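The values are calculated or read from the model by the stated rules, or taken from the named source; none is laboratory data. Remember, it's a predicted structure, so these values are computed and weren't measured experimentally. Because the Cβ atoms are built from the backbone with ideal geometry, glycine has one as well, and the counts that use them run over all protein chains shown.
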Amino acid sequence: MGNTGNAMTDMNRILVIGGGVAGLTVAIEAAEAGCDVVLVEKSTYLGGRVASFKQYFPKLCPPACGLEINFKRIRQNPRVSVFTLAQVERVRGGPGNYTVDVKVEPRFVTEACTACGDCTAACPVDTPDAFNLGMVKHKAIHLPHTAAYPARYVIERSSCKGGCHACADACKYGAIDLNQQAVTKTFHVAAIVAATGWAPYDAVKIDNLGFGRCANVVTNVMLERLASGSGPSAGHVLRPSDGKEPKSVAFVQCAGSRDQNHLPYCSGVCCSASLKHATYIRSLYPDAKITIFYIDVRTPGHLQDFYNTVTAENAIELIKGKVGKVEEDPESRNLIVTAEDAVHGTKLTRNYDLVVLATGIVPQTHDLPAVFATDEFGFITNGQAGVYATGCVTRPTEVSAVIRDATGAALRALQVARRGANHG
């Protein structure tokens, strides 16, 4: 298990699990209000899924500027202690007095790293790039992505060939330590906030929609990376089969959502995300044919204005009807989409160059300690004082709502921490 760090005893402290937008917001708001914060993130970088986005909706602005401001606030605030590659192993105690064990996995690259890239040039091993959803490969030692925080390389040691130390030999700063071990650190905290976010539903499970069998069927999260300037195709949405520009694109809504065989619930933001993705296609390929197949378009509240604007400006064909099947033409690799047209009571068969599946949101709660209660779908239900949750781990929602919710979670945790500090 590795070494065990000394327990920290200041009870004016909260633990935040998850370093995406929700977790960052909780940590920053609490720290700037005078509370010490331990921020634990299981991946190699902060920013979560939003770090991989090309744009937010409804404003359609890039997330990089907002994330960088938050990273700067964290860097400048000594009250925030950040641990990446870290997960909570055990929680004891109660509100105002929790003892938490956090296991931190080795990065194998120290803070002496300057991100010069010499190690990557020397590395002989290619491995799938998780940030780009496996659509491209990177070296076993790599920077998680171009704007990663911390801006430090990491080694996927499990991918390395036995005994290889080419990266260490190439590093002139001595920043690579291949002997690093996992360590367990123990913290005393007054409150715990889970902000572990979401993952897309596994589209392979939706066998009638062709993902995994048809090369030119992609998911909404894949399209987000394809459209990003730092993505696999440098911002050009291209067909995976042949690298050609698509002249026709079909968006399939509720791919796995609102389906008793997959996710029974509505994932809340998929309609708005597909409208956003339609603007990506239109900006790249003004003459492309865009069709959205939907059960019903759900853009509640202020997102209705987003729907009105996008559909008015982008010449999108909206067909109310569920897609029953997606097949591939073996010669052209084009996609044959069979769907209902519920308005006209007919069945349609259309050919498209690219199909995008709007996969649903799945809460990430499987690695959380037992102090967090979940409902039948896996979303956290905040049922215990001193233990809170925020963001998409509680319900599907969009970024601006996540930030508001996370600010509220920070306030609730702060109240417990203040009581702990005054009565500890």
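Scanning the stretch 280-294 for residues that are touching a helix residue (DSSP H, G or I) at 6+ places or on another chain (Cβ under 6 Å) and either closer than 13 Å to Lys54 by Cβ or surrounded by fewer than 21 Cβ atoms within 10 Å (Cβ to Cβ) (or both) yields Tyr280, Ala288.
Scanning the stretch 146-156 for residues that are out of contact with any Cys (no Cβ under 6 Å at 6 or more places or on another chain), within 16 Å of Ala122 (Cβ to Cβ) and touching a residue at least 40 places away in the same chain (Cβ under 8 Å) yields a total of 2. Restricting attention to the stretch 121-172, report how many residues are closer than 29 Å to Gly66 by Cα and crowded, with 17+ Cβ neighbours inside 10 Å. Selection size over the stretch 121-172: 19. Scanning the stretch 323-357 for residues that are part of a strand (DSSP E or B) and either in contact with a His (Cβ under 8 Å, 6 or more places away or on another chain) or at positive phi (or both) yields one hit, Val356. Tell me whether the stretch 322-330 contains one or more residues that are surrounded by 20 or more Cβ atoms within 10 Å (Cβ to Cβ), of a type outside the set (Val, Ile, Thr) and at pLDDT 95 or above. No, that holds for no residue.
None of Val402, Val356 is closer than 20 Å to Val221 by Cβ and assigned by TED's automatic domain parsing to the domain that holds Tyr285 except Val356. Quick check on the stretch 94-120: of everything there that is among the small types (Gly, Ala, Ser) and touching a residue at least 40 places away in the same chain (Cβ under 8 Å), which residue is surrounded by the most Cβ atoms within 10 Å (Cβ to Cβ)? Applying the filter and picking the extreme gives Gly96.
Answer with yes or no whether Pro62 is part of a loop (DSSP other than H, G, I, E, B) and either without any contact (Cβ under 8 Å) to a residue 12 or more places away in the chain or in the same structural domain as Gln304 (by TED's automatic domain parsing) (or both). When the stated conditions are applied, Pro62 passes them. Just a yes or no: is a residue in the stretch 171-186 assigned to a loop (DSSP other than H, G, I, E, B), hydroxyl-bearing (Ser, Thr, Tyr), within 30 Å of Thr365 (Cβ to Cβ) and under 29 Å from the mean Cα position of the chain (by Cα)? Taking every residue of the stretch 171-186 in turn, none turns out to be assigned to a loop (DSSP other than H, G, I, E, B), hydroxyl-bearing (Ser, Thr, Tyr), within 30 Å of Thr365 (Cβ to Cβ) and under 29 Å from the mean Cα position of the chain (by Cα).
Scanning the stretch 207-231 for residues that are under 21 Å from Glu328 (Cβ atoms), touching a residue at least 24 places away in the same chain (Cβ under 8 Å) and part of a loop (DSSP other than H, G, I, E, B) turns up Gly210, Phe211, Arg213, Cys214, Ala215, Asn216.
In the stretch 313-324, the residues that are touching a residue at least 40 places away in the same chain (Cβ under 8 Å) reach residues that are in a strand (DSSP E or B) and surrounded by fewer than 16 Cβ atoms within 10 Å (Cβ to Cβ) with C-beta atoms within less than 7 angstrom, at least six apart or across chains, in these pairs: Gly324/Thr338. Of all residues in the stretch 240-251, none are touching a residue at least 12 places away in the same chain (Cβ under 8 Å), touching a Pro at 6+ places or on another chain (Cβ under 7 Å) and surrounded by fewer than 22 Cβ atoms within 10 Å (Cβ to Cβ).
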